[in-house]
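Take a look at the structure set out below.
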Amino acid sequence: MLRIFWSILIRDLTLALRRRTDVLTTLFFFVIVISLFPLGVSTERHILQILGPGVVWVAALLASMLALERLFAADYDDGTLEQLLLAAQPLALITLAKITAHWLLTGLPLVLIAPLVGMQYHLSATAIQVMMVSLLIGTPILSLIGAIGAALTLGLRGGGILLSLLILPLYIPVLIYGAGAIEVSAISLSDTQPYLTLLGAFLMVALIFAPVASAAALRISIE
Amino acid sequence: MSIFEVNTLDCRRGDRRLFADLSFCLDAGTLLHVRGRNGSGKTTLLRALCGLFTPEAGEIRWRGTSIRDLGDDYRRELRYFGHLNGIKGDLTGIENLRIAAALAGLRVTTSALWAALARSGLGGFEDVPTRMLSQGQKKRVALARLLVAPAPLWILDEPFTALDVDAVALLQQLLTDHLAADGLVILTTHQEVALTSGHIAQLELGV
């Protein structure tokens, strides 16, 4: 059971390493969107500190959105998705492996680069720590929920826009609690705990339901 | 009792009915050649037989049980070779075959993978990303999957296109061996399949 998870995970990571541009696009998109705000709005220290948490999280949502389209589309185009569907292995596990690879390639880099963008917004060291933790819990949820949308819109014309309309509303709770945790950390660090706990609960629910739902959606889309 | 049964199958694509009331049984060691003009529903039939496409009505039974109920147990005994090769262009032949074996739930040694590629005539191309290969060579990688992960039921959609004379001979040999080992083959092709042994059945669609 676990062996198929690893094979698919390693397969997707190998593919991404041979085609690095896809990974770098997401990361640069994230950095550029975040850098535009101080240029467009204001470079005032206190304004940036207020804007920071929300901007970082909105940029993370959009960046994760950007890469979602490719999650199943490449496999769909070359017929490997049919082979995955015909495998004698639980499809939900295969889907979970693909989502994990997607997060490692597009979600984790955002977490790692977060201190850099935090400094752009004059966020304190504690706020940056909380931001990294909230992104670490939050970005996997984005990949998991997004996978359902990506599977549903597979093979549709204009699927990219439909995907955004379908998935972005579902991202709202993650945005509220993710950005909320960072804002609250400016007042009292202990107050961040409920936010992070709720994010953790979202993650657990998504982890259980999203792979199964994506697998079912893939079977419908491939017909 | 036949190993593979299709009862009153009815398939539609949108509003168009491709075929209705299609029933047949196949015994082990049979090759079913599905014929028909373009658009007569050959690919849809094969996809329905794989379980990739849900028919409007009717039932497909493998060893007496509906394939819907069998799920993974049916897929373990099935190899499908579609219009698309189903191989990753950025991975090498060996890597593609290793994934295919893992998907079939098999543990295959690297030397077995090399042997399979050599048998399908790709010796010397093992470490080349498959996107660098020609159309025919990609098909050969896809065919090597049948060697790496043996299964009793092969469903092949136009396997002979883009293959050269050697590869056609190889595929015919594979089919003959498979039938001799009591395997079951369902394929579509516009070419005449010359098999040396085994029982060949014909199914004409769209008449």
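Hydrodynamic estimate: the Kirkwood radius of chain B over Cα pairs, inserted into Stokes-Einstein at 25 °C and 0.890 mPa s, corresponds to D of 139 µm²/s. Remark: spin-label model distance B:V168-A:R157 equals 3.8 nm, labels positioned 7 Å along the Cα→Cβ axis.
Take the Kirkwood radius over Cα pairs of chain A, plug it into Stokes-Einstein at 10 °C and 1.306 mPa s, and you get 88 µm²/s for translational diffusion. In this structure, the amide hydrogen of B:A201, modeled 1.01 Å from its nitrogen in the peptide plane, lies closer than 5 angstrom to those of B:L31, B:L32, B:H33, counting only residues at least 5 positions away or on a different chain. Kindly provide log₁₀ I(q)/I(0) values, in the same order as q = 0.12 Å⁻¹, from the Debye equation applied to equal alpha-carbon scatterers of the protein assembly as shown. Here the Debye-derived log intensity ratios amount to -0.97. Close amide H contacts of B:F4 (hydrogens built in the peptide plane, cut-off under 5 Å, sequence separation of 5 or more or a different chain): B:L26, B:R63.
Seen from B:N7, the other residues with C-beta closer than 15 Å to its C-beta sum to a net charge of -3, counting Lys and Arg as +1 and Asp and Glu as -1. Using C-alpha pairs below 8 Å separated by at least 6 residues, the relative contact order for chain A is 27 percent.
Can you list the lysines whose alpha carbon sits under 20 Å from that of A:K98, skipping same-chain ones fewer than 8 residues off? Cross-link targets: B:K88.
Would you please state the base-10 log of I(q)/I(0) at q = 0.17, 0.27, 0.28 1/Å for segment B:47-92, with intensities from the Debye formula using one equal scatterer on every alpha carbon? Evaluating at q = 0.17, 0.27, 0.28 Å⁻¹ gives log10 I(q)/I(0) of -0.58, -1.04, -1.09.
A Förster distance of 41 Å, applied to the separation of the beta-carbon atoms of A:A125 and A:L165, puts the FRET efficiency at 0.60. Rg ratio for segment B:87-150: its Cα radius of gyration over 2.2 N^0.38 Å, N being its residue count, equals 0.96. Taking the convex hull of the alpha carbon positions in segment A:1-79 and averaging its projected area over all directions gives 7.2 nm². Here segment A:168-185 is scanned for amide nitrogen atoms under 15 Å from the site 7 Å beyond the Cα of A:S42 along Cα-to-Cβ, giving none.
Rg(Cα) of segment B:133-195 divided by 2.2 N^0.38 Å? Each step should come with its number before you reach the end.
Values: Rg = 11.2 Å, N = 63, 2.2 N^0.38 = 10.6 Å.
Cα Rg divided by the expected 2.2 N^0.38 Å: 1.05.
The modelled label-to-label distance for the pair B:S66/A:A201, using points 7 Å beyond Cα in the direction of Cβ, is 4.0 nm. Each Lys or Arg adds one and each Asp or Glu subtracts one; over the other residues with Cβ under 11 Å from the Cβ of B:A162, this totals +1. Across chain B, Cα pairs under 8 Å and at least six residues apart give a relative contact order of 30 percent.
Of all aspartates and glutamates in the structure, those lying under 13 Å Cα to Cα from B:K139, and not within fewer than 8 positions of it along the same chain, are A:D78, B:D157, B:E158, B:D164, B:D166.
With Cβ to Cβ distances under 9 Å as the rule, what net charge do the other residues near B:L117 carry (K, R +1; D, E -1)? Summing Lys/Arg as +1 and Asp/Glu as -1 gives +1.
Report the Cα centroid-to-centroid distance between segment A:38-55 and segment B:1-48 in angstrom, as an integer. The two parts, judged by their Cα centres, are 63 Å apart.
Read-outs throughout are calculated quantities, based only on the coordinates presented, and are distinct from any laboratory measurement. Treat the numbers as computed from the prediction; the structure is a model and nothing was measured. Please note: Cβ atoms are built from the backbone with ideal geometry, for glycine as well, and neighbour counts cover all protein chains shown.
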